[in-house]
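Okay, so here's the structure we're looking at.
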Amino acid sequence: MGRKEFRDILLALKQRGKTIFISSHILSEVESVCDRVAILQKGELKKVGTLQELSSAQGSRLVCPRLPGAVMDALAATSAEIFMVKDQVTIKCADAGMRQLVEKILQEHGIKPERAEAEVQSLEDIFFSAIEAPPRL
């Protein structure tokens, strides 16, 4: 109850244009109320920016219908990650270069992806990346 009331107070102050500094290890709360985030480690500023700036990654996913074996073989020769669920294939590309390569392979086989999605990192992923530590299990 107390956390919800605290969040409601912060959001009300935010709507009134007030600036509030919050120090918290509860990243889900930070995501729900903050416009900008700074990540500190031992007093050193590691990352700062809006949640959108920090969460956008270089990677993307292409979603395609079931692909012929020759296309799957060509994709397997790349470092793209390929996931198949029922009749849908998702190709995860780590960066723009990999996406261009995957799109070229698909185009050469006359295949157009059904959709493309940008990879988005959670604040927890951003935090662990910024402090260069593996996420806790």
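Quick notes on this structure:
- Region 29-47 - residue that is touching a helix residue (DSSP H, G or I) at 6+ places or on another chain (Cβ under 8 Å) and not charged (D, E, K, R) and, of those, nearest to Val89 (Cα to Cα): Ser32
- Matching entry among Glu108, Glu53, Glu5, Glu103 (being closer than 30 Å to Ile131 by Cα and charged (D, E, K, R)): Glu53
- Residues being more than 15 Å from Arg36 (Cβ to Cβ) and either surrounded by 12 or more Cβ atoms within 10 Å (Cβ to Cβ) or in contact with a Leu (Cβ under 8 Å, 6 or more places away or on another chain) (or both) - total across region 14-24: 0
- Region 82-131: number of residues that are outside the structural domain of Ala70 (by TED's automatic domain parsing) and surrounded by fewer than 11 Cβ atoms within 10 Å (Cβ to Cβ): 0
- Counting only strands (runs of 3 or more DSSP E) that sit completely within region 17-90, those holding 3 or more residues that are without any contact (Cβ under 8 Å) to a residue 12 or more places away in the chain correspond to 81-85.
- Single residue of region 91-131 satisfying the filter (among the small types (Gly, Ala, Ser) and assigned to a strand (DSSP E or B)) that is modelled with the highest pLDDT: Ala116
- Residue that is farthest from the chain's Cα centre (by Cα) [pool: residues in region 20-48 that are of a type in the set (S, T, N, Q) and closer than 13 Å to Leu123 by Cβ]: Ser24
- Scan of region 31-68 for residues that are surrounded by fewer than 17 Cβ atoms within 10 Å (Cβ to Cβ) and charged (D, E, K, R), ordered by number: Glu31, Asp35, Arg36, Lys42, Glu44, Lys46, Lys47, Glu53, Arg66
The values are calculated or read from the model by the stated rules, or taken from the named source; none is laboratory data. Fair warning: this is a prediction, and the values are worked out from it, not measured in the lab. Don't worry about glycine lacking a Cβ; one is built from the backbone with ideal geometry, like all the others, and counts go over all protein chains shown.
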